[in-house]
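As structure tokens, the structure follows; a few thoughts come after it.
The values are calculated or read from the model by the stated rules, or taken from the named source; none is laboratory data. Because the structure is a prediction, the values reported are computed rather than measured. Every residue, glycine as well, gets a Cβ built from its backbone with ideal geometry; the counts of neighbours run over all protein chains shown. For accessibility, only protein heavy atoms count, side chains too; no ligands or nucleic acids. Shrake-Rupley method; radii C 1.70, N 1.55, O 1.52, S 1.80 Å.
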Amino acid sequence: MTTGNSAQQAPQLGAVKWWLISVAALIAIMVLVGGATRLTESGLSIVEWKPLTGTLPPLTDAQWAQAFEGYKTIPQYRELNAGMSLHEFKTIFWWEWSHRLLGRVIGAVYLMPFLWFLWRGVVTAELGRRLWIIFGLGALQGGVGWWMVASGLSQRVEVSQYRLATHLVLALLIFAAIVWTLRRLTGPVPAQASFRLKITSAALLVLTFIQLYFGALVAGLRAGRVYNTWPEIDGALIPSAARLWFEEPWWRNLFDNTLTVQFEHRMTAYALLALALLHAIDAVRSKAGAATVNGALALVAAIFVQAMLGILTLLYQVPILLGLAHQATAIAVLTLAVLQLERLGLRQPELGQRKLALTVTPAG
């Protein structure tokens with residue numbers, strides 16, 4: 001029979017799931033707002049980091065004037081936006097302020113219910129450790145965000161593409177960890193799958209993160225606004241080595257050369273689509289099960305849509321709506337890649353599921 005404890009535990013575990021879904025959705029929105037902040041060149045409009053007092057925007061004319069004067073002290077204003085009006089400054093300010101406020105909201109939405117669940121004894125020790133790690137990554141993300149902004153306040157007119165890529169990948173790593181944890185709470189124990197399928201699903205997730213990192217480098221260097229042709233780039237399918245590798249030392253081209261960065265982003269997209277196709281064909285041929293096959297096919301479809309959006313974004317020189325659609329689909333690809341790898345992993349029922357299972361015994 002089912003004990004009273006399990007009857008109470010089930011709705012509590014459901015509350016944990018909805019909490020994690022809400023946090024994941026907020027992080028996805030946060031990434032898109034961050035993308036809009038980048039595309040509108042708004043990220044350097046707030047030149048101070050005030051984790052608590054910065055929650056309130058300027059409320060008086062004097063405060064707005066003070067904020068604007070602060071922006072006028074950095075190279076971006078002097079070299080790119082000299083003569084900007086206060087009204088124009090307010091437009092970019094609101095984007096950056098909204099991005100930072102959403103980060104604070106996510107922190108509160110994560111921490112307060114988490115502490116309540118801990119107090120009520122809803123989460124197991126294993127789940128609690130995982131959720132504390134995710135919280136730690138979130139706290140680190142706040143510092144990384146300011147570290148990124150600080151790179152553009154003194155000698156540059158934009159933030160460092162290295163720091164931008166770190167900031168984005170860390171946000172998506174947190175998102176992926178939440179999706180993984182949620183799947184562990186929600187999904188059944190996976191069926192056995194071939195070792196090859198497991199390896200390719202892991203490779204797909206790793207390659208997805210590499211592609212996301214390259215995409216952030218493209219954004220940071222504004223590399224999507226140059227070489228706006230496809231399938232050729234710089235007049236050829238494969239640019240000349242002299243153009244790809246002219247910086248010294250050679251490895252800097254992978255991060256600083258706009259042609260090389262865009263080229264590696266394209267090539268990784270092709271590799272990701274090819275690997276997803278091979279994974280899906282393998283899943284179908286090996287009769288891996290409906291969930292695995294459907295997951296593989298969904299991943300192929302999402303990557304294909306993402307590639308098409310990427311091409312259109314490039315050809316039209318990164319209009320904001322296409323750029324954000326491209327980024328949103330990247331989040332969908334990441335979600336599907338995480339779910340597919342978790343689905344194919346070998347594991348036992350865990351976390352809240354195991355605790356619930358132990359409270360159910362046969363009658364008599």
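A few points about this structure:
- Qualifying residue in the stretch 246-262 (condition: part of a helix (DSSP H, G or I) and over 28 Å from the mean Cα position of the chain (by Cα)): yes
- Screening Q211 against (1) open to solvent by less than 40 Å² (accessible area, probe 1.4 Å); (2) of a type outside the set (S, T, Y); (3) out of contact with any Ser or Thr (no Cβ under 8 Å at 6 or more places or on another chain) leaves a single unmet condition, (3).
- Per-region count, the stretch 107-148, residues in contact with a Leu (Cβ under 9 Å, 6 or more places away or on another chain), farther than 18 Å from F175 by Cβ and at pLDDT 95 or above: 0
- The residues listed here are L101, L182, L131; of these, the one that is more than 25 Å from L336 (Cα to Cα) and aliphatic (A, V, I, L, M) is L101.
- Check on L259, touching a residue at least 24 places away in the same chain (Cβ under 8 Å) and over 20 Å from V333 (Cβ atoms): yes
- Those residues of the stretch 112-149 which are closer than 27 Å to L221 by Cβ, open to solvent by 40 Å² or more (accessible area, probe 1.4 Å) and either free of Cβ contacts under 8 Å to residues at least 12 places away in the same chain or in contact with a strand residue (DSSP E or B) (Cβ under 8 Å, 6 or more places away or on another chain) (or both), in sequence order: none
- Check on I238, among the aliphatic types (A, V, I, L, M) and either touching a residue at least 60 places away in the same chain (Cβ under 8 Å) or part of a helix (DSSP H, G or I) (or both): no
- Scanning the stretch 214-223 for residues that are open to solvent by 30 Å² or more (accessible area, probe 1.4 Å) and either part of a loop (DSSP other than H, G, I, E, B) or not hydrophobic (A, V, I, L, M, F, W, C) (or both) gives a single hit, R222.
- Test for R130: is it outside any loop (DSSP other than H, G, I, E, B), among the basic types (K, R) and touching a Gly at 6+ places or on another chain (Cβ under 9 Å): no
- Subset of the stretch 224-277 (residues that are farther than 25 Å from V159 by Cα, β-branched (V, I, T) and open to solvent by 20 Å² or more (accessible area, probe 1.4 Å)): T229, I238
- Any hit, the stretch 186-202, residues being open to solvent by less than 30 Å² (accessible area, probe 1.4 Å), over 30 Å from G295 (Cβ atoms) and modelled with pLDDT under 95: no
- Residue selection: A296 fails the criterion of being over 30 Å from R163 (Cα atoms), part of a loop (DSSP other than H, G, I, E, B) and either at pLDDT 95 or above or open to solvent by less than 30 Å² (accessible area, probe 1.4 Å) (or both).
- Complete set of residues in the stretch 281-315 that are free of Cβ contacts under 8 Å to residues at least 24 places away in the same chain, over 20 Å from the mean Cα position of the chain (by Cα) and more than 23 Å from V179 (Cα to Cα): I281, V284, R285, K287, L312
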